[in-house]
Structure formats: C-alpha cells, structure tokens
1. For 33, 40, what ranking results if the residue with the fewest other Cβ atoms within 10 Å of its Cβ goes first?
2. Could you list 104, 139 in order of exposure, starting from the residue whose Cβ has the fewest other Cβ atoms within 10 Å?
3. Send over the Kirkwood Rh of the stretch 23-116, from the inverse of the averaged 1/r over different Cα pairs, rounded to one decimal Å.
4. Sum up the charges of everything whose Cβ sits under 15 Å from the Cβ of residue 54, counting Lys and Arg as +1 and Asp and Glu as -1, but leave residue 54 out.
5. For residue 113, enumerate residues with amide H under 5 Å from its amide H, sequence gap 5+ or separate chain, H modeled in the peptide plane.
Amino acid sequence: MLAASGAQPATTASQFSYFRLLSFAQRRYDYIIVDFPGVIAEPAEPLLSRSKAIYVVCTPERTSLALARRRLYQLELRGERDSTLAVILNRYDLGPYSKDAMEKAVGHKIAEQLPNDSHAVQTAVASGGFVDPTTRLGKSYTAFAGRLDGHELPHPKAFSRLKSLFYKLDPVDAALARR
C-alpha cells in the first residue's frame, strides 16, 4: 500500500515479505501487476528481476519523457534486460510531438499509447466505478489488457471477474459504485 500523501510509512516490508506475498499471489492468479512508486524500496527491487515485463508510464510532456528516459536508464544499470522494458504513453493526444520524436526523447520504443480522455476519467471518478469500456480510453484499456494476455481482446468475463475481485476487497466502495 502506498500512502496517498507520499510520506514514508512508519514500517518497511522486508525482501522476505515481498517474496511471501508474491508466492501467495502466484499460486492463486495467472497474472500479477505491481504498481511501484517513483522510488522503488530496496527490498522490493528483486521483484523487478522476476518480472516478464516492466512498463514505465509517462505522459507526452517533455519533463515526463525525460524522467522516463532516466528511469529506463536506472533500470538498465540495475541489470534489467532491455527486452523486458517498455514505455506506456498516457494521456496521449495529437500534439506538437510525433510518436517517433517521443521515442527518440525517451530513448526507447513506445509500446502503448493511451488516449487523453479526461471526460471518461472524470465520469468514472464521479461514479466511483471503472472507465466505461465503450469510451475511447475504455477501448484502449481493453485492447491493452488483451495484449498483456496474449490476445487481441480479452475474454468478456475477465472484466466482470476483475470487478468482483475489487468489490470483494472493499464492499463499501462496491456499494457506492453500484449506485
């Protein structure tokens, strides 16, 4: 869990704790996605080396592209294989920079472009639910999830299973989302 304030938690997990959690999850799930903060705690670093793919997410702004380039370089210095590293361009719109120019700026191929669809995001936030899968952004999420699974489109029931998992984790939020 990450503190929303960005403050350091009072306690830190050990490397052993991360591996116990990973082992538990691997026995129960086909796919495990870990969202790391900007700075990865030392005990969590070995999880990176066990990853099939590491995605660095950035936006099309110059500063974000430069930070993504730096993060990719740091990961390579830690010994991460270039074949596992990929870039996701979030909030992409046809702007002043072409995809080629952004790939040159980040120093890596952009694997995925997610459109800038603030209306879909705001609607999801206001309803306490998920981004509508019929929106441009929702379709991009669906297509990307399918590619992660090795298919062009994921199985339709995959999302209902994912939603039910989130509802099981937090019944209060689930009740609000159903309203």
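1. Lowest count first: 33, 40.
2. So the residues, fewest neighbours to most, are 104, 139.
3. Here the Kirkwood hydrodynamic radius works out to 14.3 Å.
4. +2
5. Close amide H contacts, sequence-distant or interchain: 89.
None of the figures in this text is laboratory data; all of them are computed from the coordinates on show. Keep in mind the model is a prediction, meaning the values are calculated, not measured. In this analysis, Cβ positions are derived from the backbone assuming ideal geometry, glycine residues included, and neighbour counts consider all displayed protein chains.
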